[in-house]
1. Using 7 Å Cα-to-Cβ label points, what is the Leu67/Asp7 separation (nm, one decimal)?
2. For a quick check: sort Ser55, Ser10 by the number of other beta carbons within 10 angstrom, fewest at the front.
3. Using the beta-carbon distance between Ala15 and Ser55 and R0 = 22 Å, what value does 1/(1 + (r/R0)^6) give for FRET efficiency, to the nearest 0.05?
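Just so it is clear, none of the values below were taken in a lab; they were calculated from the coordinates. Predicted model only: the values in this text are computed from it and were never measured. Methodologically, a virtual Cβ is constructed for each residue, glycine included, from the backbone with ideal geometry; neighbour enumeration extends over all protein chains shown.
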Amino acid sequence: MNEMFFDIISWLGLALCIGAFFIKDIIKLRLVTFIGCMCLGIYYTHIDVVQGMISNVIILGINGAYLFKFKFAKLFKRNKTNFEDDLEYS
């Protein structure tokens, strides 16, 4: 592929990861960081930087796990009754 394409991907990933420092909502922060690390992971794979690939896979896994946890908790909480909420906070 074109080198310019991968340069754009790397700059986009870098901008997203740096921009994530200014996000206050934790779910949006995790999502933006996930996308940014995915872009950087693609770039590091293209230029064959093993340390960059490993670190981004680890960060992707952590953010992915938390995003899944947030989504699962949101789905679980939606199905609760008021009685179950009262029991949880007792």
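1. With each label point 7 Å from Cα toward Cβ, the separation is 2.8 nm.
2. Values: Ser55 15, Ser10 18.
Result, fewest neighbours first: Ser55, Ser10.
3. Working: r = 18 Å, r/R0 = 0.81.
Efficiency computed from Cβ-Cβ geometry: 0.80.
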